[in-house]
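The values are calculated or read from the model by the stated rules, or taken from the named source; none is laboratory data. All figures in this text were calculated on a predicted structure; none of them were measured in a lab. Ideal geometry is used to build each Cβ from the backbone, glycine not excepted, and the neighbour counts take in all protein chains shown. Quick note on the areas: whole protein, heavy atoms, side chains included, nothing else; ligands and nucleic acids left out. Shrake-Rupley method; radii C 1.70, N 1.55, O 1.52, S 1.80 Å.
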Amino acid sequence: MAQPDLEVCSSPALDFGGENGTPVSISDSLVINEDLLIEDLHVSVDISHGFVADLLVDVVSPSGTALRLHDGLGGDLDDLRVIFSDEGVENGVLAYDYGCYMQPSNGSLSIFSGQGSEGIWTLNITDGFPANADGVLNSWCAEIFTSEVSILSSIESFACIPTEDGMEATWTNPQSYDAIELTVNGTTVTLPGSATAHTLTGYTSLSTLDLSIVGTLTAPGQWVSCPSHCSVVTLDGPPTQVAVVIDERYDDWSGVSPTLDSMGDAVPGGLDILSLSVAEDDDSLFVRFDFAGPEVQLDEEDTLILYIDTDSNPDTGLAISGMGADLEWDFGARQGTLWSGGGSTSFDHFDIGIVAAPTVSSTEFEISLRRNSPIVSLGSEIKVLLCDDRPGGDCVPNTGSLTHVLATGQLPTDIEIPLDREFPSDVRVVTYNVLTDNPWQGEGGRIGRQLAAVAADIYGFQEIYNHSVAETVEYVESWISPSGGGIWYGAGQSDCKIVSRFPVLQVWPLSGNVAAWIDTTAEWGVPTMVINAHLPCCSNDAGRQNECDQISAFIRDQRIAGLLSTHPNAPILILGDMNFVGMSQQRTTLLTGDIIDESQWGWDAPPDADGTSLIDTRSRQVAQRQIYTWRNDNGAYLPGFLDYIMYSDAVLDPGRSFVLLTQDLSAATLAQHGLQFSDSNGSDHLLVSADFRRVSTEPSFLRGDCNLDVSLNISDAISALISLFAMGGPAFCEDACDSNDDGSFDISDPVTLLAMLFTGSGDLPPPGPQDCGLDPTADVLDCESFNGCP
């Protein structure tokens, strides 16, 4: 944090509020005895209140100058806990319990510049509707600076992982710093500005470590960032928790030892279970299991049952295999049973938050359920058993049960996936099933706020049955304008509609699905084939397979004699609500081109430009380690992964991707992006977003390092000037010499570099001078070689 020349605080713990609706006003004063000439002023405020929109907050200087810091904004958000500063984030962009720098609501603190600090400073608070919520002025401070203070970007993705004798901290730096200051229990360690990790040792087990981290720049002036915080307790033994993502990838289970079962011990026609694994984090229990085959459709009338003894007590619950199962989940019946006191109670998947993957048939599955739910909580030790419920069916373990001890506090808190693109030049694609024309059925606000928050370049909608392409385009443009200006273009077939900021050059109907040739030439050098699909639902495996065959045949034919033959490196994007809830072959067909009905649709053909399969982004939710895109809390079926974005990895690299579930976002993120808590309730499907960029053939580089010596100093500016004016020959990496990333190499670039080096004018654009990276901006500059980067 910024170090003021003088800081004076008051902690009155002053209550205000009341039963009636009459406005209530309070004041608190502090006395500054030292007379300094104010150049910059910060006012920190800590007010507990349940409805900050009721509050008006003013600060008054000894000379009588008054400024409104907070002017009835924030709705029903809780608490006003910020440092008011002209250099902070815009007022209202983040929630008011932000805890760091935010601009005043009305005016600027610069009105106090040039005044003296000595005298009585007053904070006035008015609660306009005290019956809504009581409040407490906990504390406030006046921070006086005799030189200007500049606020840097905060360190991001700060994560703390406890160990037995300390912890491991990791983070990312959104810009260059001269130093990183890591504070642990009040003691500050100064690290190099390029550091992104630090290990602490020497602590005893079960020690509490409170950490904060800031990035700083040196003179002239003060340059500081808001602190990021975390708190951990050192472990009392080796870590056992695992950060499992329910995404059917399974690589995150590598540290978990499974309980194995021999092959061939199933009853005729039964399930031959091969292994069972159990893990946990603070919120969820994870279970993984697999079979010898054939593939099983987990929630369609099969006979697999999971038993959990939640208290490891054989005398409570259902007696089975030597344990007392308090919880039973029947996957095929999609129904659970609680056993207690000699009786039983049925429950649904939502009651315990159970999620499974994959949604299609498989021989391997992973599930999660809540450790603490409204109907049951798991104790510190549990027992688990998985059985085929057929008479004499296979169980794992074959005898007894698997005992598992649950730990807490071993994993860092999950960090939200940012909603912004990694690079501004990335092309963002969204798929969203909006549930039977919901934008025009009372959910237009919820859906529209999400479209605006993600600000995509191409939107693929499903279930727009009763509104035209033109009406869909009109709805989108009522919420967001295309990035870079221009207009929205549209295409559609049946309920599938595409809205794109790029022109639509040609359209093909594919049963109820649509393919569009979209002009992304300016971004990627070639157009893009976008296929928006809404495949048949539910038990209609044959219908889904037929449409997957048709789409694969269409891509094959386009590669043989269509636009993909004349543009072989054109990307392919397949997106939409695929309704993959049956046999896995349908998904395999779309990804690989393995056509099943070859008598109708012809031979197999891999879809990608290099003769390989497409890739599924398998996007994760923004704040949970889940990938499901559909759920019905009142229905029988578990949440499912139905909405896909598949792409050509031969010509596209993936950027940031996510599934947007607004209920899991922090209040600050909701406020920052103009979202509301319940916006994801606009449909039973969730919005899926993915960013892409062309596969780069150019090397990584360091911005500003014009002489390619992997360091940034005045010699780089000299090298740039020689290349420009002293006939020193062309630069080997013009992108590196383009210090201001304006797409041209000219005199402004060494000027920008010198300003950064010697006047503290801020960092260079991405990838910056610290970490090797690609140029995020499409331009005509080249980078022939940069040997200092991998």
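Checking each residue in region 282-297 for being of a type in the set (D, E) and either open to solvent by 60 Å² or more (accessible area, probe 1.4 Å) or modelled with pLDDT under 95 (or both) picks out D282, D283, E295.
In region 361-384, the qualifying residues are those that are β-branched (V, I, T) and over 14 Å from R249 (Cα atoms), and the one that is surrounded by the fewest Cβ atoms within 10 Å (Cβ to Cβ) is I375. Every condition in (1) part of a loop (DSSP other than H, G, I, E, B); (2) open to solvent by 20 Å² or more (accessible area, probe 1.4 Å) holds for H229 except the one numbered (1). Listed by position, the strands (runs of 3 or more DSSP E) inside region 65-140 whose residues that are open to solvent by less than 50 Å² (accessible area, probe 1.4 Å) and within 18 Å of S10 (Cα to Cα) number at least 3 are 80-89, 119-127. In region 584-595, is there at least one residue being part of a loop (DSSP other than H, G, I, E, B) and among the charged types (D, E, K, R)? The answer is yes; a qualifying residue exists. Give the residue that is most open to solvent (accessible area, probe 1.4 Å), with candidates limited to residues of region 434-458 that are farther than 19 Å from P482 by Cα and of a type in the set (D, E, K, R). The selected residue is R446.
Among the residues of region 429-450, at least one is without any contact (Cβ under 8 Å) to a residue 24 or more places away in the chain, assigned to a loop (DSSP other than H, G, I, E, B) and farther than 30 Å from D210 by Cβ.
Residues checked against (1) open to solvent by 10 Å² or more (accessible area, probe 1.4 Å); (2) not in a strand (DSSP E or B):
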{"site": "C537", "(1), (2)": "yes, yes"}
{"site": "I551", "(1), (2)": "no, yes"}
{"site": "G576", "(1), (2)": "no, no"}
{"site": "G582", "(1), (2)": "no, yes"}
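Confirm whether V499 is assigned to a strand (DSSP E or B), within 20 Å of I615 (Cα to Cα), out of contact with any Pro (no Cβ under 8 Å at 6 or more places or on another chain) and among the aliphatic types (A, V, I, L, M). Criteria not met by V499. Scanning region 488-512 for residues that are open to solvent by 40 Å² or more (accessible area, probe 1.4 Å) and touching a Ser or Thr at 6+ places or on another chain (Cβ under 9 Å) yields Y489, Q493, S494, R501, P509, S511. Specify which of the listed residues (V256, V214) is within 28 Å of the chain's Cα centre (by Cα), closer than 23 Å to A407 by Cα and aliphatic (A, V, I, L, M). V256 is the lone residue from the list that is within 28 Å of the chain's Cα centre (by Cα), closer than 23 Å to A407 by Cα and aliphatic (A, V, I, L, M). Residues considered: I213, I161. Of these, the only one that is closer than 15 Å to Q410 by Cβ and buried (at least 17 other Cβ atoms within 10 Å of the Cβ) is I161.
Looking at V710, V695, just one residue is within 29 Å of G193 (Cα to Cα), of a type outside the set (G, A, S) and touching a residue at least 12 places away in the same chain (Cβ under 8 Å), and that residue is V710. Can you find a residue in region 382-400 that is assigned to a loop (DSSP other than H, G, I, E, B), of a type in the set (A, V, I, L, M) and at pLDDT 95 or above? Within region 382-400, not a single residue is assigned to a loop (DSSP other than H, G, I, E, B), of a type in the set (A, V, I, L, M) and at pLDDT 95 or above. Evaluated against (1) in contact (Cβ under 8 Å) with a residue 40 or more places away in the chain; (2) outside any loop (DSSP other than H, G, I, E, B), S723 falls short on exactly one condition, (1). Only one of the numbered conditions (1) hydroxyl-bearing (S, T, Y); (2) at pLDDT 90 or above; (3) part of a loop (DSSP other than H, G, I, E, B) is violated by T697, and that is (2). Of all residues in region 599-632, those satisfying the criterion of being open to solvent by less than 50 Å² (accessible area, probe 1.4 Å) and in contact with a helix residue (DSSP H, G or I) (Cβ under 7 Å, 6 or more places away or on another chain) are G602, A605, P607, S613, L614, D616, Q621, V622, A623. Here L665 meets the list (1) at pLDDT 95 or above; (2) within 21 Å of T413 (Cα to Cα) almost entirely, failing just condition (1). The condition (being open to solvent by 50 Å² or more (accessible area, probe 1.4 Å) and at pLDDT 85 or above) is satisfied by just one residue among T183, T146: T146.
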